[in-house]
Amino acid sequence: MTDIPRISTPLELHNEIVRPEWIDHNGHMNSAYYVLAFDEAGTSLFRYFGITDEYRKDACSGIFVGDYHVHYSRELVEGDPLRFTHLIFDCDEKKVHYWQEMFHGTKGYLAAQCEVIMLHVSLSSRKVTPFPSEIVSRIKLVQEVHAKVPPPENLGRVIRIKRR
């Protein structure tokens with residue numbers, strides 16, 4: 001496995017376009033497709049760490065979502081370009097806690113945020129298992145760099161109606 005040459009804070013690894021099939025009856029991107037887009041961006045993040053299609057096949061292991069929290073900020077419409085960022089906040093030998101942000105690709109506004117716990121799972125036993133040492137080392141290296149930035153305001157946010 002190759003070394004990570006330079007670790008950006010945050011990581012930017014994925015771009016996307018709002019597809020026609022993602023548009024709902026209100027004429028904007030349906031909430032379920034924000035999750036899909038974040039999931040695809042997360043796949044790019046884990047490819048960066050070495051969890052590729054080849055890895056899944058050879059190791060008979062992959063990643064599963066353990067928890068997902070999405071905060072919607074602004075709507076998106078068909079054809080809008082998307083840009084995603086990632087921050088790793090915590091990890092251990094089996095799990096990764098990370099943060100994603102989705103931005104309009106040209107206008108630059110924040111469209112949504114996503115907080116995720118991802119689990120490394122044996123595809124044979126369907127149980128959570130440790131990452132290989134070289135992968136967990138890469139994740140921890142990124143987490144150490146990202147630990148130097150202040151956490152996003154919505155990290156760990158509790159859902160509630162705010163009263164004035």
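Which residues, taken from the range 117-127, are closer than 17 Å to ARG47 by Cβ and either among the charged types (D, E, K, R) or crowded, with 22+ Cβ neighbours inside 10 Å (or both)?
If the condition is that a residue be closer than 17 Å to ARG47 by Cβ and either among the charged types (D, E, K, R) or crowded, with 22+ Cβ neighbours inside 10 Å (or both), then MET118, HIS120 are the ones that fit.
Can you work out which of the residues in the range 20-52 that are over 17 Å from the mean Cα position of the chain (by Cα) and more than 21 Å from GLY108 (Cβ to Cβ) is surrounded by the most Cβ atoms within 10 Å (Cβ to Cβ)?
Across the range 20-52, the extreme among qualifying residues is ILE23.
Go through the range 115-131 and give me each residue that's more than 11 Å from GLY62 (Cα to Cα) and either of a type in the set (A, V, I, L, M) or touching a Gly at 6+ places or on another chain (Cβ under 8 Å) (or both).
GLU115, VAL116, ILE117
Results for (1) β-branched (Val, Ile, Thr); (2) touching a helix residue (DSSP H, G or I) at 6+ places or on another chain (Cβ under 6 Å); (3) closer than 19 Å to VAL158 by Cα, shown as yes or no for each residue.
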| residue | (1), (2), (3) |
| --- | --- |
| LYS94 | no, no, no |
| GLY108 | no, no, no |
| GLU115 | no, no, yes |
| VAL121 | yes, no, no |
| SER124 | no, no, no |
| SER137 | no, no, no |
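In the range 128-154, what residues are surrounded by 11 or more Cβ atoms within 10 Å (Cβ to Cβ), of a type outside the set (Gly, Ala, Ser) and in a loop (DSSP other than H, G, I, E, B)?
THR129, PRO130, PHE131, PRO132, VAL149, PRO151, PRO152, ASN154
Could you give every pair whose Cβ atoms fall below 8 Å, whose first residue belongs to the range 53-72 and is over 19 Å from PRO132 (Cβ atoms), and whose second residue is surrounded by fewer than 13 Cβ atoms within 10 Å (Cβ to Cβ) and among the hydroxyl-bearing types (Ser, Thr, Tyr), counting only separations of at least 6 or pairs across chains?
Close Cβ pairs satisfying both conditions: VAL70/SER31; TYR72/SER31.
Would you confirm whether or not the range 54-68 contains a residue that is among the β-branched types (Val, Ile, Thr), surrounded by 13 or more Cβ atoms within 10 Å (Cβ to Cβ), out of contact with any Asp or Glu (no Cβ under 6 Å at 6 or more places or on another chain) and closer than 16 Å to PHE103 by Cα?
Taking every residue of the range 54-68 in turn, none turns out to be among the β-branched types (Val, Ile, Thr), surrounded by 13 or more Cβ atoms within 10 Å (Cβ to Cβ), out of contact with any Asp or Glu (no Cβ under 6 Å at 6 or more places or on another chain) and closer than 16 Å to PHE103 by Cα.
Read-outs: derived from the displayed coordinates by stated rules, not from any lab. All values derive from a computational prediction rather than experimental measurement. In this analysis, Cβ positions are derived from the backbone assuming ideal geometry, glycine residues included, and neighbour counts consider all displayed protein chains.
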